[in-house]
1. Mind telling me which of the residues THR203, THR177, THR221, THR226 ends up being over 14 Å from LEU27 (Cα atoms), hydroxyl-bearing (Ser, Thr, Tyr) and free of Cβ contacts under 8 Å to residues at least 60 places away in the same chain?
2. Please give the number of the condition LEU189 fails out of (1) more than 23 Å from VAL101 (Cβ to Cβ); (2) aliphatic (A, V, I, L, M); (3) part of a strand (DSSP E or B).
3. For the range 215-230, how many residues are farther than 18 Å from ALA22 by Cβ and surrounded by 17 or more Cβ atoms within 10 Å (Cβ to Cβ)?
4. With the requirement that a residue be loosely packed, with under 13 Cβ neighbours inside 10 Å and either under 17 Å from the mean Cα position of the chain (by Cα) or in a helix (DSSP H, G or I) (or both), what does the range 167-183 give you?
5. Quick check on my filter: what residues within the range 137-166 are part of a loop (DSSP other than H, G, I, E, B) and aromatic (Phe, Trp, Tyr)?
6. With the structure loaded, tell me whether ALA69 is at pLDDT 95 or above, surrounded by fewer than 23 Cβ atoms within 10 Å (Cβ to Cβ), among the hydrophobic types (A, V, I, L, M, F, W, C) and farther than 19 Å from GLU176 by Cα or whether it fails that test.
7. Out of PHE229, PHE141, I need the residue that is of a type outside the set (A, V, I, L, M), within 25 Å of SER70 (Cα to Cα) and in contact with a helix residue (DSSP H, G or I) (Cβ under 7 Å, 6 or more places away or on another chain). Which one?
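The values are calculated or read from the model by the stated rules, or taken from the named source; none is laboratory data. Predicted, not measured: the structure shown is a model, and the values here were computed from it. When we count neighbours, we look across all protein chains shown, and the Cβ atoms used for this are built from the backbone with ideal geometry, even at glycine.
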Amino acid sequence: MTANAANFHDKNQPTTRPKDAATLIILDREHAEPKILMGRRHMKHRFMPGKFVFPGGRLDATDRFVPYASDLHPHVMEKLRYQAKNGNSDTRMRALVMCAVRETYEEAGLFLGTKGTDKRLKGGDWEAFKEREILPNLAPFRFIARAVTPPGRTRRFDTRFFAVDSAHIAARLPEETGPTGELEDLHWLTIPDACNLDLPRITLEILTELEARLIRDPDFTPKEPTPYFYMIGKSMVRAEI
């Protein structure tokens, strides 16, 4: 699929290198129709204020040093390496998933992982995991999409979208939100309901892909092609990894 995206491009803005980022789609399959977790970005945010999004954010340097209970599936690791512009080591690929896990805690108050301890689990938001004896468990995560913010934007991200089942939520904050307050109005929504919200265009594209994937490959087979959205000239291109 190729769609005209001229409205995404501002020639007056300098081209900046995309920063690595990660987003997490949590699937609750305990209903007749699967539900996903989304929240509305605070109106005070400069980047996409008021838009409904999945938990996620920019890669942090500390994400590289987080211990884990189990590793990524080899096919997931291989796909993540594809055209990784900012480094493609195993450590950096794992860090992308750790980023999604950390951001989900920060924004939604959810701890993704399994019971376990490791003395290397420390610092920042990871202290909350340590207190609850929860270690990130990478094996269940699936890499389901990638999107690069078009040139001409003041903020550009190379975002990897991951999916994981809600069964892997090990704990929740009692406030039912994250400590940062970045996301408001957190809701578990069916995909059709989510598509009716005020969404960034790429989020709507990802939801469309997710809906088709759940029909075609509900088990999220790791070798299944992963859609990759990026710009060529003024057109948004959908490739596959």
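1. Details: THR203 fails: free of Cβ contacts under 8 Å to residues at least 60 places away in the same chain; THR177 fails: free of Cβ contacts under 8 Å to residues at least 60 places away in the same chain; THR226 fails: free of Cβ contacts under 8 Å to residues at least 60 places away in the same chain.
Just one listed residue meets the conditions, THR221.
2. Here LEU189 meets the rest and fails (1).
3. As a first pass, look at the range 215-230 and keep what is farther than 18 Å from ALA22 by Cβ: 215-219, 221, 223-225.
If we keep only those that are surrounded by 17 or more Cβ atoms within 10 Å (Cβ to Cβ) as well, we get none.
Looking only at that region, the number is 0.
4. ALA167
5. We begin by selecting, within the range 137-166, every residue part of a loop (DSSP other than H, G, I, E, B); these are 137-141, 149-156.
Residue satisfying the conditions is PHE141 alone.
6. Values: at pLDDT 95 or above: yes; surrounded by fewer than 23 Cβ atoms within 10 Å (Cβ to Cβ): yes; among the hydrophobic types (A, V, I, L, M, F, W, C): yes; farther than 19 Å from GLU176 by Cα: yes.
Here the answer is yes, as ALA69 does meet what is asked.
7. On the way: PHE229 fails: within 25 Å of SER70 (Cα to Cα).
Result: PHE141 is the single residue among PHE229, PHE141 that is of a type outside the set (A, V, I, L, M), within 25 Å of SER70 (Cα to Cα) and in contact with a helix residue (DSSP H, G or I) (Cβ under 7 Å, 6 or more places away or on another chain).
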